[in-house]
Amino acid sequence: MGKTFNPKITAFLCKWCSYTGADLAGTSRLQYPTAIIPIKVMCSSRVDPVFLIRAFLKGADGVLIGGCHPGDCHYESGNYHTRRRFAILQSIFDSLNLEKDRLRLSWISASEGPKFARVCNEFTDKIQKMGPNPTRKNMFI
Amino acid sequence: MSKMLTTDHGADKSVVDLLRFLLDTEKVSGVLTLRKTNTSGSLDYGLLTRSQELDRAVPLMPVMPANAAQSLSLITPTQKPIAVVVKPCELRGFVERIKREQGSLDNVLTLSPTCGGVIPLDTYIKKSKDNLTKDYYKQVKAGEIPESIRPTCKACEYFVPMTADITVSVVGEQNLDSKCRFILNSDKAVSMTEGFGSVENGDLDAKILDDHLKKREKEKKALFESIKFKQDGLDGMIDVFGKCIGCHGCSRVCPICYCLLCDFESRNFDQNVSLFEKELEQKGALRLPPDTLFFHLGRMSHMSFSCVGCGQCTDVCPADIPVASVFKKIGENTAALFDYVPGKDVNEDIPVLVFKEEEFKELGE
Ligand code: SF4
Ligand code: SF4
Ligand code: FES
(Lines give C-alpha, C1' and ligand atoms only; values in the text may rest on other atoms or scores of the structure.)
(Ligands and ions follow the chains in the order given, each with its own letter.)
Protein backbone atom coordinates (compact mmCIF):
# COMPACT_ATOMS: atom_id res chain seq x y z
CA MET A 1 0.00 0.00 0.00
CA GLY A 2 3.03 2.26 0.43
CA LYS A 3 1.33 4.83 2.59
CA THR A 4 0.73 4.08 6.24
CA PHE A 5 -2.83 3.39 7.19
CA ASN A 6 -4.41 5.90 9.55
CA PRO A 7 -7.72 4.42 10.62
CA LYS A 8 -10.77 6.57 11.09
CA ILE A 9 -13.26 5.50 13.69
CA THR A 10 -16.63 7.19 14.06
CA ALA A 11 -17.73 7.10 17.69
CA PHE A 12 -21.30 7.88 18.70
CA LEU A 13 -21.09 8.68 22.41
CA CYS A 14 -24.00 9.36 24.71
CA LYS A 15 -23.77 12.70 26.47
CA TRP A 16 -24.38 11.41 29.96
CA CYS A 17 -21.92 8.55 30.20
CA SER A 18 -19.52 7.75 27.40
CA TYR A 19 -18.96 11.31 26.20
CA THR A 20 -18.31 12.40 29.76
CA GLY A 21 -16.04 9.35 30.13
CA ALA A 22 -14.15 10.57 27.08
CA ASP A 23 -13.83 14.01 28.67
CA LEU A 24 -12.49 12.44 31.81
CA ALA A 25 -9.94 10.48 29.80
CA GLY A 26 -8.85 13.82 28.37
CA THR A 27 -8.63 15.72 31.60
CA SER A 28 -6.81 12.77 33.17
CA ARG A 29 -4.31 13.02 30.32
CA LEU A 30 -4.85 9.43 29.25
CA GLN A 31 -3.60 8.67 25.75
CA TYR A 32 -6.03 7.47 23.17
CA PRO A 33 -5.65 7.35 19.40
CA THR A 34 -6.49 10.29 17.18
CA ALA A 35 -8.37 7.83 14.99
CA ILE A 36 -11.45 8.39 17.11
CA ILE A 37 -13.93 10.95 15.78
CA PRO A 38 -16.49 11.50 18.53
CA ILE A 39 -20.09 12.46 17.82
CA LYS A 40 -22.15 13.45 20.82
CA VAL A 41 -25.69 12.10 21.07
CA MET A 42 -28.18 12.53 23.88
CA CYS A 43 -28.52 8.78 24.39
CA SER A 44 -27.06 5.72 22.69
CA SER A 45 -30.60 4.88 21.61
CA ARG A 46 -30.58 7.99 19.41
CA VAL A 47 -28.30 6.06 17.11
CA ASP A 48 -30.48 4.50 14.45
CA PRO A 49 -28.60 1.52 12.97
CA VAL A 50 -28.86 3.46 9.75
CA PHE A 51 -26.29 5.92 11.14
CA LEU A 52 -23.81 3.09 11.60
CA ILE A 53 -24.51 1.80 8.11
CA ARG A 54 -24.02 5.31 6.76
CA ALA A 55 -20.67 5.72 8.48
CA PHE A 56 -19.59 2.25 7.40
CA LEU A 57 -20.49 2.81 3.75
CA LYS A 58 -18.93 6.27 3.72
CA GLY A 59 -15.61 4.71 4.58
CA ALA A 60 -15.31 4.75 8.36
CA ASP A 61 -12.86 1.96 9.19
CA GLY A 62 -14.59 1.33 12.46
CA VAL A 63 -17.83 2.49 14.07
CA LEU A 64 -18.29 2.64 17.83
CA ILE A 65 -21.36 3.26 19.96
CA GLY A 66 -20.67 4.23 23.55
CA GLY A 67 -23.48 4.25 26.08
CA CYS A 68 -24.21 4.01 29.78
CA HIS A 69 -24.03 0.59 31.40
CA PRO A 70 -27.27 -1.40 31.30
CA GLY A 71 -29.51 -0.09 34.05
CA ASP A 72 -27.78 3.31 34.09
CA CYS A 73 -29.23 4.94 30.98
CA HIS A 74 -30.45 8.43 31.84
CA TYR A 75 -33.62 7.69 29.95
CA GLU A 76 -34.00 4.42 31.84
CA SER A 77 -34.04 1.89 29.05
CA GLY A 78 -32.54 3.54 25.96
CA ASN A 79 -29.42 1.42 25.97
CA TYR A 80 -31.34 -1.85 26.14
CA HIS A 81 -32.96 -0.85 22.87
CA THR A 82 -29.57 0.14 21.50
CA ARG A 83 -28.30 -3.31 22.39
CA ARG A 84 -31.10 -5.07 20.51
CA ARG A 85 -30.64 -2.94 17.44
CA PHE A 86 -26.91 -3.50 17.55
CA ALA A 87 -27.50 -7.26 17.69
CA ILE A 88 -29.80 -6.95 14.66
CA LEU A 89 -27.19 -5.02 12.71
CA GLN A 90 -24.45 -7.49 13.61
CA SER A 91 -26.66 -10.32 12.44
CA ILE A 92 -27.27 -8.58 9.10
CA PHE A 93 -23.55 -8.01 8.62
CA ASP A 94 -22.95 -11.64 9.51
CA SER A 95 -25.51 -12.95 7.04
CA LEU A 96 -24.05 -10.81 4.28
CA ASN A 97 -20.45 -11.61 5.11
CA LEU A 98 -19.70 -7.97 5.74
CA GLU A 99 -16.98 -7.26 8.31
CA LYS A 100 -18.98 -7.03 11.50
CA ASP A 101 -15.80 -6.59 13.53
CA ARG A 102 -15.75 -3.03 12.29
CA LEU A 103 -18.75 -2.36 14.53
CA ARG A 104 -18.42 -2.12 18.29
CA LEU A 105 -20.72 -1.39 21.20
CA SER A 106 -19.21 -0.45 24.56
CA TRP A 107 -20.70 0.55 27.87
CA ILE A 108 -18.54 3.31 29.33
CA SER A 109 -19.71 5.27 32.36
CA ALA A 110 -18.89 8.89 33.12
CA SER A 111 -16.27 7.80 35.65
CA GLU A 112 -14.60 5.29 33.36
CA GLY A 113 -12.02 7.51 31.66
CA PRO A 114 -9.52 4.64 31.71
CA LYS A 115 -12.02 2.25 30.14
CA PHE A 116 -12.71 4.76 27.40
CA ALA A 117 -9.00 4.99 26.63
CA ARG A 118 -8.66 1.20 26.72
CA VAL A 119 -11.63 0.61 24.40
CA CYS A 120 -10.30 3.18 21.95
CA ASN A 121 -6.82 1.69 21.98
CA GLU A 122 -8.05 -1.86 21.60
CA PHE A 123 -10.49 -1.04 18.86
CA THR A 124 -7.96 1.05 16.94
CA ASP A 125 -5.40 -1.76 17.16
CA LYS A 126 -7.91 -4.20 15.83
CA ILE A 127 -8.92 -1.96 12.95
CA GLN A 128 -5.27 -1.28 12.20
CA LYS A 129 -4.81 -5.02 11.76
CA MET A 130 -7.93 -5.32 9.61
CA GLY A 131 -6.73 -2.61 7.28
CA PRO A 132 -8.78 0.07 5.57
CA ASN A 133 -12.48 -0.44 5.05
CA PRO A 134 -12.99 -1.56 1.43
CA THR A 135 -15.86 0.93 1.20
CA ARG A 136 -13.27 3.69 1.18
CA LYS A 137 -12.14 2.88 -2.30
CA ASN A 138 -15.21 1.32 -3.81
CA MET A 139 -16.82 3.66 -6.27
CA PHE A 140 -20.11 1.80 -6.24
CA ILE A 141 -21.25 2.70 -2.76
CA MET B 1 -60.28 -31.12 18.04
CA SER B 2 -61.52 -28.11 16.13
CA LYS B 3 -64.90 -27.59 14.58
CA MET B 4 -65.20 -28.27 10.89
CA LEU B 5 -67.78 -27.37 8.27
CA THR B 6 -67.87 -29.33 5.02
CA THR B 7 -69.70 -28.35 1.84
CA ASP B 8 -70.31 -30.42 -1.25
CA HIS B 9 -69.12 -27.85 -3.74
CA GLY B 10 -65.64 -27.00 -4.94
CA ALA B 11 -63.51 -24.75 -2.77
CA ASP B 12 -63.75 -21.53 -4.78
CA LYS B 13 -67.52 -21.75 -5.03
CA SER B 14 -67.88 -22.72 -1.39
CA VAL B 15 -65.93 -19.71 -0.23
CA VAL B 16 -68.02 -17.43 -2.44
CA ASP B 17 -71.17 -19.09 -1.08
CA LEU B 18 -70.01 -18.50 2.45
CA LEU B 19 -69.25 -14.85 1.69
CA ARG B 20 -72.67 -14.47 0.09
CA PHE B 21 -74.27 -16.07 3.12
CA LEU B 22 -72.46 -13.66 5.44
CA LEU B 23 -73.56 -10.65 3.40
CA ASP B 24 -77.14 -11.83 2.89
CA THR B 25 -77.67 -12.60 6.56
CA GLU B 26 -76.08 -9.24 7.41
CA LYS B 27 -73.52 -10.88 9.64
CA VAL B 28 -71.00 -8.74 7.80
CA SER B 29 -71.49 -5.55 5.88
CA GLY B 30 -68.65 -6.08 3.44
CA VAL B 31 -66.19 -8.66 2.20
CA LEU B 32 -62.64 -8.18 0.95
CA THR B 33 -61.77 -10.69 -1.73
CA LEU B 34 -59.86 -11.16 -4.94
CA ARG B 35 -62.09 -10.65 -7.95
CA LYS B 36 -61.88 -10.32 -11.66
CA THR B 37 -61.49 -6.66 -12.55
CA ASN B 38 -63.19 -7.14 -15.90
CA THR B 39 -63.39 -9.71 -18.65
CA SER B 40 -59.76 -9.23 -19.67
CA GLY B 41 -58.69 -11.50 -16.86
CA SER B 42 -56.93 -9.01 -14.64
CA LEU B 43 -57.41 -9.30 -10.92
CA ASP B 44 -57.68 -6.99 -7.98
CA TYR B 45 -58.84 -6.92 -4.41
CA GLY B 46 -62.32 -5.56 -3.90
CA LEU B 47 -64.25 -4.58 -0.81
CA LEU B 48 -67.75 -5.66 -1.78
CA THR B 49 -70.95 -4.85 0.01
CA ARG B 50 -73.59 -6.23 -2.36
CA SER B 51 -73.86 -9.94 -2.87
CA GLN B 52 -74.33 -9.69 -6.64
CA GLU B 53 -70.81 -8.23 -6.77
CA LEU B 54 -69.61 -11.64 -5.66
CA ASP B 55 -70.30 -13.05 -9.12
CA ARG B 56 -66.84 -11.91 -10.10
CA ALA B 57 -65.13 -13.02 -6.90
CA VAL B 58 -62.29 -15.53 -7.11
CA PRO B 59 -61.23 -15.61 -3.46
CA LEU B 60 -58.73 -18.44 -3.72
CA MET B 61 -57.03 -17.40 -6.94
CA PRO B 62 -53.30 -18.04 -6.49
CA VAL B 63 -52.22 -14.52 -7.37
CA MET B 64 -51.29 -11.54 -5.23
CA PRO B 65 -51.94 -8.29 -7.12
CA ALA B 66 -51.07 -6.43 -3.91
CA ASN B 67 -50.23 -7.65 -0.44
CA ALA B 68 -53.65 -7.26 1.17
CA ALA B 69 -52.07 -6.27 4.49
CA GLN B 70 -51.65 -2.75 3.13
CA SER B 71 -55.29 -2.53 2.10
CA LEU B 72 -56.50 -3.86 5.42
CA SER B 73 -54.76 -0.92 7.07
CA LEU B 74 -56.82 1.40 4.92
CA ILE B 75 -60.17 -0.07 5.90
CA THR B 76 -59.67 -0.84 9.60
CA PRO B 77 -60.50 -0.28 12.36
CA THR B 78 -64.03 -0.75 11.12
CA GLN B 79 -67.25 -0.23 13.04
CA LYS B 80 -69.12 -2.54 10.70
CA PRO B 81 -68.09 -6.18 10.65
CA ILE B 82 -66.34 -7.38 7.50
CA ALA B 83 -65.00 -10.70 6.24
CA VAL B 84 -61.69 -10.92 4.41
CA VAL B 85 -60.14 -13.72 2.39
CA VAL B 86 -56.38 -13.37 2.29
CA LYS B 87 -53.31 -15.56 1.95
CA PRO B 88 -51.57 -16.65 5.16
CA CYS B 89 -48.63 -14.31 4.61
CA GLU B 90 -50.95 -11.37 3.96
CA LEU B 91 -52.59 -12.09 7.29
CA ARG B 92 -49.21 -12.29 8.98
CA GLY B 93 -48.23 -9.05 7.31
CA PHE B 94 -51.36 -7.43 8.66
CA VAL B 95 -50.64 -8.73 12.16
CA GLU B 96 -47.22 -7.10 11.90
CA ARG B 97 -48.86 -3.87 10.83
CA ILE B 98 -51.33 -3.97 13.72
CA LYS B 99 -48.36 -4.20 16.07
CA ARG B 100 -47.28 -0.92 14.50
CA GLU B 101 -50.69 0.60 15.06
CA GLN B 102 -51.63 0.35 11.40
CA GLY B 103 -55.01 -1.29 11.68
CA SER B 104 -57.09 -3.64 13.77
CA LEU B 105 -58.70 -7.05 13.58
CA ASP B 106 -61.71 -5.94 15.60
CA ASN B 107 -64.87 -6.68 13.64
CA VAL B 108 -62.86 -8.56 11.05
CA LEU B 109 -63.57 -12.20 10.26
CA THR B 110 -60.47 -13.65 8.64
CA LEU B 111 -60.53 -16.51 6.16
CA SER B 112 -57.32 -17.94 4.80
CA PRO B 113 -56.40 -21.07 2.85
CA THR B 114 -53.72 -23.59 3.46
CA CYS B 115 -51.74 -21.94 0.72
CA GLY B 116 -50.30 -23.59 -2.35
CA GLY B 117 -48.35 -20.44 -3.11
CA VAL B 118 -48.95 -17.70 -5.63
CA ILE B 119 -47.98 -17.32 -9.25
CA PRO B 120 -45.72 -14.31 -9.98
CA LEU B 121 -47.67 -11.43 -11.51
CA ASP B 122 -45.49 -11.36 -14.56
CA THR B 123 -46.18 -15.03 -15.30
CA TYR B 124 -49.85 -14.61 -14.58
CA ILE B 125 -50.19 -11.65 -16.91
CA LYS B 126 -48.24 -13.13 -19.78
CA LYS B 127 -49.20 -16.80 -19.80
CA SER B 128 -52.46 -18.55 -20.60
CA LYS B 129 -54.35 -18.40 -17.36
CA ASP B 130 -56.32 -21.59 -17.82
CA ASN B 131 -53.30 -23.81 -18.31
CA LEU B 132 -51.46 -22.07 -15.52
CA THR B 133 -54.09 -22.62 -12.89
CA LYS B 134 -54.90 -26.11 -14.16
CA ASP B 135 -51.30 -27.21 -13.67
CA TYR B 136 -51.14 -25.34 -10.41
CA TYR B 137 -54.13 -27.09 -8.89
CA LYS B 138 -53.06 -30.47 -10.16
CA GLN B 139 -49.91 -30.13 -8.08
CA VAL B 140 -51.57 -28.52 -5.10
CA LYS B 141 -54.16 -31.29 -4.84
CA ALA B 142 -51.40 -33.86 -4.92
CA GLY B 143 -49.63 -32.06 -2.09
CA GLU B 144 -46.79 -31.10 -4.41
CA ILE B 145 -45.18 -27.71 -4.78
CA PRO B 146 -46.42 -26.10 -8.00
CA GLU B 147 -43.76 -25.36 -10.57
CA SER B 148 -45.08 -21.90 -11.34
CA ILE B 149 -45.13 -20.19 -7.91
CA ARG B 150 -42.87 -17.51 -6.49
CA PRO B 151 -39.46 -18.69 -5.31
CA THR B 152 -40.19 -17.54 -1.76
CA CYS B 153 -43.55 -19.37 -1.82
CA LYS B 154 -41.77 -22.59 -2.69
CA ALA B 155 -39.62 -21.95 0.35
CA CYS B 156 -42.47 -20.83 2.63
CA GLU B 157 -43.00 -22.93 5.75
CA TYR B 158 -45.97 -20.94 7.00
CA PHE B 159 -48.53 -21.94 4.39
CA VAL B 160 -50.99 -22.91 7.15
CA PRO B 161 -52.56 -19.68 8.41
CA MET B 162 -51.54 -18.83 11.95
CA THR B 163 -54.35 -16.65 13.18
CA ALA B 164 -57.25 -17.06 10.74
CA ASP B 165 -60.75 -17.43 12.15
CA ILE B 166 -61.53 -19.83 9.34
CA THR B 167 -59.00 -22.00 7.52
CA VAL B 168 -59.95 -23.24 4.07
CA SER B 169 -58.30 -26.58 3.43
CA VAL B 170 -56.61 -26.49 0.03
CA VAL B 171 -53.15 -28.09 0.06
CA GLY B 172 -53.35 -31.82 -0.51
CA GLU B 173 -57.16 -31.83 -0.93
CA GLN B 174 -57.76 -34.42 -3.66
CA ASN B 175 -61.42 -33.46 -3.96
CA LEU B 176 -60.93 -29.74 -4.14
CA ASP B 177 -63.37 -29.43 -7.06
CA SER B 178 -66.23 -31.23 -5.38
CA LYS B 179 -66.01 -30.44 -1.69
CA CYS B 180 -64.57 -27.94 0.68
CA ARG B 181 -63.60 -28.13 4.32
CA PHE B 182 -63.64 -25.05 6.52
CA ILE B 183 -61.89 -25.32 9.87
CA LEU B 184 -63.48 -22.99 12.38
CA ASN B 185 -60.69 -21.82 14.67
CA SER B 186 -62.51 -19.30 16.82
CA ASP B 187 -65.83 -18.83 18.58
CA LYS B 188 -66.44 -15.96 16.21
CA ALA B 189 -66.06 -18.34 13.26
CA VAL B 190 -68.55 -20.77 14.78
CA SER B 191 -71.16 -18.14 15.49
CA MET B 192 -70.77 -16.35 12.16
CA THR B 193 -71.15 -19.53 10.11
CA GLU B 194 -74.14 -20.74 12.07
CA GLY B 195 -76.87 -21.62 9.60
CA PHE B 196 -74.48 -22.07 6.67
CA GLY B 197 -73.97 -25.80 7.06
CA SER B 198 -73.64 -28.55 9.57
CA VAL B 199 -70.66 -28.46 11.85
CA GLU B 200 -68.83 -31.46 13.21
CA ASN B 201 -65.52 -32.11 14.88
CA GLY B 202 -62.64 -32.22 12.49
CA ASP B 203 -59.28 -30.76 11.58
CA LEU B 204 -56.69 -30.33 8.85
CA ASP B 205 -54.89 -33.47 7.84
CA ALA B 206 -51.66 -33.24 9.83
CA LYS B 207 -49.86 -35.95 7.90
CA ILE B 208 -50.47 -34.36 4.50
CA LEU B 209 -49.41 -30.93 5.72
CA ASP B 210 -46.36 -32.32 7.41
CA ASP B 211 -45.23 -34.08 4.26
CA HIS B 212 -45.78 -30.88 2.35
CA LEU B 213 -43.85 -28.89 4.92
CA LYS B 214 -40.85 -31.16 4.43
CA LYS B 215 -40.89 -30.36 0.73
CA ARG B 216 -40.99 -26.64 1.44
CA GLU B 217 -38.17 -26.91 3.92
CA LYS B 218 -36.07 -28.62 1.30
CA GLU B 219 -36.88 -25.85 -1.15
CA LYS B 220 -35.95 -23.26 1.43
CA LYS B 221 -32.57 -24.78 1.95
CA ALA B 222 -31.98 -24.78 -1.78
CA LEU B 223 -33.17 -21.18 -2.10
CA PHE B 224 -30.86 -19.95 0.63
CA GLU B 225 -27.96 -21.83 -0.93
CA SER B 226 -28.73 -20.29 -4.29
CA ILE B 227 -28.54 -16.74 -3.01
CA LYS B 228 -25.29 -17.27 -1.22
CA PHE B 229 -23.52 -14.33 -2.78
CA LYS B 230 -20.88 -15.41 -5.22
CA GLN B 231 -18.33 -13.16 -3.61
CA ASP B 232 -17.96 -12.20 -0.04
CA GLY B 233 -19.37 -9.17 1.65
CA LEU B 234 -19.28 -5.92 -0.20
CA ASP B 235 -18.54 -7.39 -3.62
CA GLY B 236 -21.32 -9.91 -3.16
CA MET B 237 -23.81 -7.18 -2.32
CA ILE B 238 -22.77 -5.17 -5.33
CA ASP B 239 -23.11 -8.30 -7.41
CA VAL B 240 -26.72 -8.75 -6.30
CA PHE B 241 -27.93 -5.18 -5.87
CA GLY B 242 -25.73 -3.58 -8.54
CA LYS B 243 -28.62 -3.67 -10.99
CA CYS B 244 -30.94 -1.78 -8.66
CA ILE B 245 -32.43 1.29 -10.32
CA GLY B 246 -33.46 2.81 -7.00
CA CYS B 247 -37.17 2.91 -7.75
CA HIS B 248 -37.99 1.80 -4.17
CA GLY B 249 -40.81 -0.31 -5.57
CA CYS B 250 -39.78 -3.12 -3.25
CA SER B 251 -40.46 -1.06 -0.16
CA ARG B 252 -43.63 0.52 -1.59
CA VAL B 253 -45.29 -2.87 -1.96
CA CYS B 254 -43.87 -4.29 1.28
CA PRO B 255 -46.56 -5.12 3.86
CA ILE B 256 -44.18 -4.16 6.66
CA CYS B 257 -42.84 -0.83 5.37
CA TYR B 258 -45.63 1.47 6.43
CA CYS B 259 -43.79 4.77 6.99
CA LEU B 260 -45.51 7.64 5.22
CA LEU B 261 -42.16 9.24 4.62
CA CYS B 262 -39.51 6.58 4.30
CA ASP B 263 -36.12 7.59 5.66
CA PHE B 264 -34.60 6.71 2.34
CA GLU B 265 -36.95 8.93 0.40
CA SER B 266 -36.54 11.84 2.75
CA ARG B 267 -33.74 14.38 2.38
CA ASN B 268 -32.24 13.21 5.65
CA PHE B 269 -29.21 11.73 3.99
CA ASP B 270 -28.70 14.19 1.16
CA GLN B 271 -25.18 15.39 0.90
CA ASN B 272 -23.87 18.58 -0.60
CA VAL B 273 -21.43 19.11 -3.42
CA SER B 274 -18.44 19.60 -1.19
CA LEU B 275 -18.98 16.19 0.34
CA PHE B 276 -19.21 14.63 -3.10
CA GLU B 277 -15.98 16.37 -4.01
CA LYS B 278 -14.32 15.03 -0.91
CA GLU B 279 -15.38 11.51 -1.80
CA LEU B 280 -14.21 11.93 -5.36
CA GLU B 281 -10.81 12.94 -4.09
CA GLN B 282 -10.59 9.66 -2.22
CA LYS B 283 -12.10 7.34 -4.76
CA GLY B 284 -11.54 8.94 -8.13
CA ALA B 285 -15.03 7.90 -9.26
CA LEU B 286 -18.57 7.82 -7.95
CA ARG B 287 -21.64 5.93 -8.92
CA LEU B 288 -24.70 8.13 -9.32
CA PRO B 289 -27.27 8.22 -7.96
CA PRO B 290 -25.58 7.06 -4.78
CA ASP B 291 -26.82 5.13 -1.76
CA THR B 292 -28.13 1.96 -3.37
CA LEU B 293 -26.57 -0.35 -0.80
CA PHE B 294 -27.43 2.13 1.90
CA PHE B 295 -31.11 1.80 1.07
CA HIS B 296 -31.08 -1.98 1.16
CA LEU B 297 -28.94 -2.36 4.26
CA GLY B 298 -30.91 0.34 6.03
CA ARG B 299 -34.21 -1.25 5.18
CA MET B 300 -32.95 -4.58 6.43
CA SER B 301 -32.07 -2.99 9.74
CA HIS B 302 -35.53 -1.44 10.04
CA MET B 303 -37.85 -4.27 9.10
CA SER B 304 -36.14 -7.58 8.31
CA PHE B 305 -37.21 -9.24 11.59
CA SER B 306 -40.83 -8.73 10.53
CA CYS B 307 -40.44 -9.95 6.93
CA VAL B 308 -43.18 -12.46 6.15
CA GLY B 309 -41.50 -13.61 2.95
CA CYS B 310 -44.50 -12.96 0.72
CA GLY B 311 -42.31 -12.23 -2.28
CA GLN B 312 -44.13 -9.13 -3.43
CA CYS B 313 -40.85 -7.18 -3.65
CA THR B 314 -39.23 -9.64 -6.03
CA ASP B 315 -42.39 -9.62 -8.08
CA VAL B 316 -42.30 -5.90 -8.69
CA CYS B 317 -38.56 -5.41 -9.09
CA PRO B 318 -37.94 -4.18 -12.63
CA ALA B 319 -34.28 -5.17 -12.38
CA ASP B 320 -34.95 -8.83 -11.61
CA ILE B 321 -33.25 -8.73 -8.24
CA PRO B 322 -34.25 -11.58 -5.89
CA VAL B 323 -35.07 -9.04 -3.18
CA ALA B 324 -37.45 -11.29 -1.27
CA SER B 325 -35.08 -14.22 -1.16
CA VAL B 326 -32.34 -12.06 0.31
CA PHE B 327 -34.66 -10.35 2.79
CA LYS B 328 -36.22 -13.65 3.84
CA LYS B 329 -32.82 -15.07 4.62
CA ILE B 330 -31.63 -11.98 6.48
CA GLY B 331 -34.97 -11.72 8.28
CA GLU B 332 -34.92 -15.28 9.52
CA ASN B 333 -31.62 -14.60 11.19
CA THR B 334 -32.60 -11.29 12.76
CA ALA B 335 -35.93 -12.66 13.99
CA ALA B 336 -34.20 -15.74 15.40
CA LEU B 337 -32.23 -13.50 17.76
CA PHE B 338 -35.49 -12.99 19.62
CA ASP B 339 -37.23 -16.32 18.86
CA TYR B 340 -39.62 -14.15 16.94
CA VAL B 341 -41.98 -15.39 14.25
CA PRO B 342 -43.50 -12.48 12.35
CA GLY B 343 -47.27 -12.51 12.23
CA LYS B 344 -47.72 -15.28 14.74
CA ASP B 345 -49.24 -13.46 17.66
CA VAL B 346 -50.82 -10.03 17.56
CA ASN B 347 -50.15 -9.56 21.27
CA GLU B 348 -46.43 -10.08 20.99
CA ASP B 349 -44.49 -6.83 20.59
CA ILE B 350 -42.09 -6.35 17.71
CA PRO B 351 -38.52 -7.02 18.87
CA VAL B 352 -37.35 -3.40 18.72
CA LEU B 353 -40.05 -2.19 21.10
CA VAL B 354 -39.14 -4.45 24.00
CA PHE B 355 -36.06 -5.92 25.64
CA LYS B 356 -34.93 -8.22 28.38
CA GLU B 357 -32.39 -7.05 30.89
CA GLU B 358 -30.71 -10.42 30.92
CA GLU B 359 -30.03 -10.79 27.19
CA PHE B 360 -26.98 -10.08 25.02
CA LYS B 361 -24.71 -9.82 28.04
CA GLU B 362 -21.77 -10.43 25.72
CA LEU B 363 -22.34 -7.07 24.01
CA GLY B 364 -20.97 -3.88 25.48
CA GLU B 365 -17.33 -4.67 26.21
S1 SF4 C 1 -45.41 -16.86 0.94
FE2 SF4 C 1 -46.47 -18.67 1.81
S3 SF4 C 1 -48.39 -17.90 2.57
FE4 SF4 C 1 -47.58 -16.32 1.15
S5 SF4 C 1 -48.49 -16.77 -0.83
FE6 SF4 C 1 -46.53 -17.84 -0.76
S7 SF4 C 1 -46.99 -19.91 0.04
FE8 SF4 C 1 -48.77 -18.58 0.47
S1 SF4 D 1 -37.66 -2.85 -6.68
FE2 SF4 D 1 -35.67 -3.58 -7.46
S3 SF4 D 1 -34.82 -1.82 -8.64
FE4 SF4 D 1 -36.51 -1.00 -7.36
S5 SF4 D 1 -35.44 -0.28 -5.48
FE6 SF4 D 1 -36.16 -2.40 -5.08
S7 SF4 D 1 -34.34 -3.68 -5.61
FE8 SF4 D 1 -34.01 -1.64 -6.55
S1 FES E 1 -28.22 8.19 28.26
FE2 FES E 1 -26.44 7.01 28.01
S3 FES E 1 -27.21 5.30 26.97
FE4 FES E 1 -29.05 6.39 27.30
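Structure values in brief
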read-out	value
Per-residue SASA entry for A:TRP16, accessible area with 1.4 Å probe, Å² rounded to 10	100
Around B:LYS188: net Lys/Arg minus Asp/Glu count, Cβ-Cβ under 13 Å	-2
Spin-label pair B:LYS214/B:LEU260, simplified geometry with 7 Å Cα→Cβ offset, distance in nm	5.1
Probe 1.4 Å, all protein chains present, accessible-area order of B:SER178, B:SER71, largest first	B:SER178, B:SER71
Where B:LYS188, A:LYS137 fall by accessible area, highest first, once all protein chains stay in place (1.4 Å)	A:LYS137, B:LYS188
Counting all C-alpha pairs of chain B, share separated by more than 37 Å (%)	23
Folded to 0 to 90 degrees: helix B:129-141 orientation relative to chain B principal axis, Cα	80
Tensor-based shape of the range A:9-138 (alpha-carbon gyration tensor, a/c under 1.5 rounded, otherwise prolate or oblate)	oblate
Accessible area, probe 1.4 Å, largest first, for residues B:LYS214, B:LYS220	B:LYS214, B:LYS220
C-alpha long axis of helix B:323-336 to longest principal axis of chain B, angle in °	90
For residues of A:76-85, the mean tally of beta carbons on other chains within 10 Å	4
Shielding score for B:345-353, defined as the mean number of other chain Cβ atoms within 10 Å	1
Debye, to nearest 20: dipole size of the protein assembly as shown, +1 on Lys, Arg Cβ, -1 on Asp, Glu Cβ	1300
Given charges at Cβ of Lys, Arg, Asp, Glu: the range B:3-223 dipole, positive-most of B:LEU43, B:PRO88, B:SER128	B:SER128
Probe 1.4 Å - accessible area at B:LEU47, Å² to nearest ten	90
Inter-part distance where the range A:26-73 and the range A:85-101 are each reduced to a Cα centre, Å	17
Backbone N under 19 Å from the A:MET139 label point (7 Å along Cα→Cβ), restricted to the range B:262-298	B:275-294
At least 24 Å along the helix axis (C-alpha) and Kyte average at least -1.0, DSSP helices within chain A	A:78-95, A:113-130
Cα-based helix-to-principal-axis angle, B:273-283 vs chain B, degrees rounded to 10	80
Summed buried accessible area for A+B [probe radius 1.4 Å, Å², rounded to 100]	4100
Dipole of the protein assembly as shown, positive direction: furthest Cα of B:ILE245, A:SER91, B:LEU204, with charges on the beta-carbon	B:ILE245
About the Cα centre, charge dipole magnitude for the range A:9-138 (Lys/Arg +1, Asp/Glu -1 at Cβ), debye	280
Of all accessible heavy-atom area on the range A:9-138, the percent that carbon and sulfur account for (1.4 Å)	50
In sequence order, calculated HN-Hα J values of the range B:193-207 (Karplus, 6.51, -1.76, 1.60; Hz; x Gly/Pro)	8, 4, x, 7, x, 7, 10, 9, 6, x, 8, 5, 7, 4, 5
Only Lys, Arg (+1) and Asp, Glu (-1) charged, at Cβ; chain B dipole about Cα centre in debye	1000
Whole-Hz couplings from phi, Karplus 6.51/-1.76/1.60, listed for the range B:119-127; x for Gly and Pro	7, x, 4, 4, 4, 4, 6, 8, 9
Other protein chain Cβ atoms within 10 Å, averaged over every residue that makes up A:92-103	5
Estimated FRET transfer efficiency (B:LEU286, B:THR37; beta-carbon r; R0 41 Å; 0.05)	0.40
With DNA, RNA and ligands ignored, accessible area of B:LYS179 (1.4 Å probe; Å², nearest 10)	70
Accessible surface, the range B:65-187, averaged per residue in Å² (probe 1.4 Å)	38
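The values are calculated or read from the model by the stated rules, or taken from the named source; none is laboratory data. Only a predicted model underlies this, so the values are computations on that prediction, with no experimental measurement involved. All Cβ positions, glycine included, derive from the backbone under ideal geometry; neighbour counts span all protein chains shown. The protein model used for the area step is the full one, side chains on, heavy atoms only, and it has no ligands, DNA or RNA in it. Shrake-Rupley method; radii C 1.70, N 1.55, O 1.52, S 1.80 Å.
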